[in-house]
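One structure is given here, and the rest of the page talks about it.
The values are calculated or read from the model by the stated rules, or taken from the named source; none is laboratory data. Quantities reported herein were computed from a predicted structural model and do not represent experimental measurements. Neighbour counts are summed over all protein chains in view; Cβ atoms, including those assigned to glycine, are modelled from backbone coordinates with ideal geometry.
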Amino acid sequence: MKRLKALAATAASVPITLFGLVLVTFLIGRVMPIDPVLAIVGDRAPADVVAAVRLELGLDEPLYVQFWIYLGKLAIGDLGRSVMTSHTVWEDIKRFFPATMELATVAILFASCIGVPLGVLAAVRQGTKVDHTIRVVCLAGHSLPIFVLALLSLLVFYATLHWAPGPGRQDIMFDEQVPAVTNFLTVDALLARDWDVLRDAVAHLIQPAAVLAYFAMAFIARMTRAFMLDALAGEYVITARAKGLSAARVIWKHAFGNIAVRLITIMALTYAGLLEGAVVTETVFSWPGLGQYLTVSLLNADMNAVLGATLVVGVTYLAFNMLADLLYKLLDPRVS
Amino acid sequence: MSATSPTGAGADPSLRDPSLRDPSWRDWLLSDTPASRSQAAWGARYRLWCDFRANTLAMGGLIVIVLMVSAALIAPLVVPYDPAMQDLTNRLARPSALHWFGTDELGRDLFSRILMGGRVTLGMVVAVVVLVAPLGLAVGCIAGYYGGVADRVLMRVTDVFLAFPRLILALAFVAAIKPGITSAIFAIVLTAWPPYARLARAETLSLRNTDFIAAVRLTGASSARIVLRHIVPLCLGSLVVRVTLDMSSIILTAASLGFLGMGAQPPSPEWGAMIATARRFILDQWWVPTIPGIAIFLVSLAFNLLGDGLRDVLDPKQR
């Protein structure tokens, strides 16, 4: 019963935060110096056309009425039209967002598979050379700008060693060869059973995903180490050791079992954080995802696209945070 | 902690045993029976410093930061070339005795630009911290001390700002005003304050119902006085740690904004913007974009190391 209450409290805070999110995006769109009317009709349009479009967009109304109109449009998924691509922003997002999610998903898988064992290892060998090395590797992940690592990895693995196929999401010869079902290129290739496309997509995916994963890995390993140190100092671990259980059993079953839920929460949070890293990574790797869409729209002052993408990223981020919160409350029996 | 803790005793026994040598400023600092408040306070600070000094990595970070700050301060006096001076006959030169880090695509000396860029980065960091720490502290202390409606409203607002990924909100905000250093600073402030507010609120909540605050209140102190004179000073320790650990993320955000063309604008020698203009040379003249990258990395690593060290000393429970 208590747990249900906690869940309800989390759920209740979502609409308020969501409302704030929309309000902030709306306000950012309204303070900007670019006239949305001129962006549509161009600066040579006759005055009566400008006035007509202004009326049509509702820009003559007071701010709160405009916000109401904006909310109404949002409710039916209308984010306006992108000046740059001349598609609706919603269509663009449906096309670009899966690419970002694909990148982030592979990155979080890499990061968890490497980061968690590293963190456990560092905690078990606390104070040794192994621990210090892992710590420095993680600190570097917190200190290196992601675009520098991305550029350097292009220099080394693409230009010098020729291991990676370089920027982009697929080779141009495979362009539009498989039907877009999910817009996750790897999944679409699998569905179409086109192995060449799949191989090409995976090859293109690995490098940006690995760059992105490094930063997530640094955070996950650091948190795992901290949690694990905490757990290993627990009295139940001393008891388990005193009973003569093997080291592996004590570490993985007793100590790790107790931090697993907290780690899942951390992974959900990191997943959300990857959306941010994706913006920069996508720019360097010309990855046609939401991040690149956002930066290109920014440079072209395409405000509908910027606000739409910001809102979608914000909502996804919020969803992951809530998910982390819910998972923690659902899975951990210690939370009352 | 005992008074004779890790103060690096030498081989000479007279150094180890205070009774064998003349009383010095160190004995005064480490005295177990301080005669005045200031002696006790300085003694406590000295012990913290001794703890901190034992952490080699953190000391390394501190040294790098001190070097960088002094380099940034004296940069205009020591740079070998004018960072804006172009020399088109000597474009993209390799590092040499004349140009220590080589030259960029307009023949400008990279070493001079890196030094001057340090001023830009440092200036942005200082501006952000000066704005963000008081803002977060004020919001957090007010929410925590007054509670009720104020608390709920302020924390909701905090949640909304936490709900955006930092860089993306900053990007949208800068795009809405005008790309440049000033907007970048405000955008980073706008995205950086919520964690400070949460921290200050948590500290305030734990202090609010303590006996000494009740005692101050009984003497008739106003709420403002209690918050400003008694609660804020006690929040400062964890705030300083948080700020130092946050520095590297501020530096990275500023550099990312510059890299994406939304922060400092060329020809400003900001490191992120320098990488953005030089990234097309990564395959052939790799040092041109790499050197500013190393600069960002070193400074932000130094702040991380320093922050870790400070946290261990000032805030051992967060370790």
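I want to confirm something. Restricting to the range B:68-104 and keeping residues that are in contact with a helix residue (DSSP H, G or I) (Cβ under 8 Å, 6 or more places away or on another chain) and under 18 Å from B:Ala264 (Cα atoms), which single residue is surrounded by the most Cβ atoms within 10 Å (Cβ to Cβ)?
B:Asp104
Of the conditions (1) surrounded by fewer than 23 Cβ atoms within 10 Å (Cβ to Cβ); (2) aliphatic (A, V, I, L, M); (3) closer than 19 Å to B:Glu105 by Cβ, B:Val240 clears all except one; give me its number.
(3)
Quick one: in the range B:265-287, which of the residues that are buried (at least 24 other Cβ atoms within 10 Å of the Cβ) and over 20 Å from A:Val296 (Cβ atoms) is nearest to the other protein chains (Cβ to nearest Cβ)?
Applying the filter and picking the extreme gives B:Trp271.
Mind checking whether some residue in the range B:139-157 is modelled with pLDDT under 90, within 19 Å of B:Leu260 (Cα to Cα) and either surrounded by fewer than 24 Cβ atoms within 10 Å (Cβ to Cβ) or facing another protein chain (nearest Cβ under 9 Å) (or both)?
Within the range B:139-157, not a single residue is modelled with pLDDT under 90, within 19 Å of B:Leu260 (Cα to Cα) and either surrounded by fewer than 24 Cβ atoms within 10 Å (Cβ to Cβ) or facing another protein chain (nearest Cβ under 9 Å) (or both).
Here are the criteria: (1) buried (at least 20 other Cβ atoms within 10 Å of the Cβ); (2) under 19 Å from the mean Cα position of the chain (by Cα); (3) more than 10 Å from chain A (Cβ to nearest Cβ). Tell me which single one B:Val227 does not satisfy.
Just one mismatch for B:Val227, condition (2).
For the range B:262-300, which positions are outside any helix (DSSP H, G or I), in contact (Cβ under 8 Å) with a residue 60 or more places away in the chain and either under 19 Å from the mean Cα position of the chain (by Cα) or within 23 Å of A:Gly141 (Cα to Cα) (or both)?
Those that are outside any helix (DSSP H, G or I), in contact (Cβ under 8 Å) with a residue 60 or more places away in the chain and either under 19 Å from the mean Cα position of the chain (by Cα) or within 23 Å of A:Gly141 (Cα to Cα) (or both): B:Gly263, B:Glu270.
Inside the range A:95-109, can you point out the residues that are of a type outside the set (Gly, Ala, Ser), buried (at least 18 other Cβ atoms within 10 Å of the Cβ) and touching a Phe, Trp or Tyr at 6+ places or on another chain (Cβ under 9 Å)?
The answer is A:Phe96, A:Phe97, A:Pro98, A:Thr100, A:Met101, A:Glu102, A:Leu103, A:Ile108.
Assess whether A:Val181 counts as being surrounded by fewer than 15 Cβ atoms within 10 Å (Cβ to Cβ), among the β-branched types (Val, Ile, Thr) and away from every other protein chain (no Cβ under 14 Å). Steps first, please.
Working: surrounded by fewer than 15 Cβ atoms within 10 Å (Cβ to Cβ): yes; among the β-branched types (Val, Ile, Thr): yes; away from every other protein chain (no Cβ under 14 Å): yes.
Yes: the conditions hold for A:Val181.
In this structure, is B:Thr158 assigned to a helix (DSSP H, G or I), over 26 Å from B:Gln265 (Cβ atoms) and in contact with a Pro (Cβ under 7 Å, 6 or more places away or on another chain)? Even if it seems obvious, please write down each step before you answer.
On the way: assigned to a helix (DSSP H, G or I): yes; over 26 Å from B:Gln265 (Cβ atoms): yes; in contact with a Pro (Cβ under 7 Å, 6 or more places away or on another chain): yes.
Yes.
Which residue is farthest from the other protein chains (Cβ to nearest Cβ), if the candidates are limited to the range B:236-248 and must be of a type in the set (S, T, N, Q) and more than 16 Å from B:Leu131 (Cα to Cα)?
Taking the candidates together, the pick is B:Ser238.
Would you tally the residues in the range A:120-169 being part of a helix (DSSP H, G or I) and among the small types (Gly, Ala, Ser)?
Matching residues across the range A:120-169 total 8.
Would you say A:Thr224 is closer than 30 Å to A:Pro145 by Cα and among the hydroxyl-bearing types (Ser, Thr, Tyr)?
yes
Just checking, how many residues over the range A:300-320 are under 15 Å from the mean Cα position of the chain (by Cα) and within 7 Å of chain B (Cβ to nearest Cβ)? Spell out the reasoning first.
Looking only at the range A:300-320, we keep the residues that are under 15 Å from the mean Cα position of the chain (by Cα), and these are A:309-320.
When the remaining residues are screened for being within 7 Å of chain B (Cβ to nearest Cβ), the result is A:310, A:313-314, A:317-318.
Adding up the residues that qualify gives 5.
Among residues belonging to the range A:191-205 that are within 25 Å of the chain's Cα centre (by Cα) and small (Gly, Ala, Ser), point out the one that is surrounded by the most Cβ atoms within 10 Å (Cβ to Cβ).
A:Ala201
To keep it simple, each residue is scored yes or no on (1) within 14 Å of another protein chain (Cβ to nearest Cβ); (2) small (Gly, Ala, Ser); (3) buried (at least 20 other Cβ atoms within 10 Å of the Cβ).
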residue	(1), (2), (3)
B:Ala163	yes, yes, yes
B:Phe186	yes, no, no
B:Pro194	yes, no, yes
B:Glu203	no, no, yes
B:Arg208	no, no, no
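Give, as residue ranges, the helices (runs of 4 or more DSSP H) completely inside the range B:165-231 that count at least 2 residues that are touching a His at 6+ places or on another chain (Cβ under 8 Å).
Ranges flagged: B:211-218.
Please tell me if A:Ala159 is at the interface with chain B (Cβ under 8 Å from one of its Cβ atoms), surrounded by fewer than 22 Cβ atoms within 10 Å (Cβ to Cβ), without any contact (Cβ under 8 Å) to a residue 24 or more places away in the chain and not polar (S, T, N, Q). Write out each step before concluding.
Working: at the interface with chain B (Cβ under 8 Å from one of its Cβ atoms): yes; surrounded by fewer than 22 Cβ atoms within 10 Å (Cβ to Cβ): yes; without any contact (Cβ under 8 Å) to a residue 24 or more places away in the chain: yes; not polar (S, T, N, Q): yes.
Against the criterion (at the interface with chain B (Cβ under 8 Å from one of its Cβ atoms), surrounded by fewer than 22 Cβ atoms within 10 Å (Cβ to Cβ), without any contact (Cβ under 8 Å) to a residue 24 or more places away in the chain and not polar (S, T, N, Q)), A:Ala159 qualifies.
Please state which one of A:Ser297, A:Ser286 is of a type outside the set (Lys, Arg), under 27 Å from B:Lys178 (Cα atoms) and away from every other protein chain (no Cβ under 11 Å).
A:Ser286
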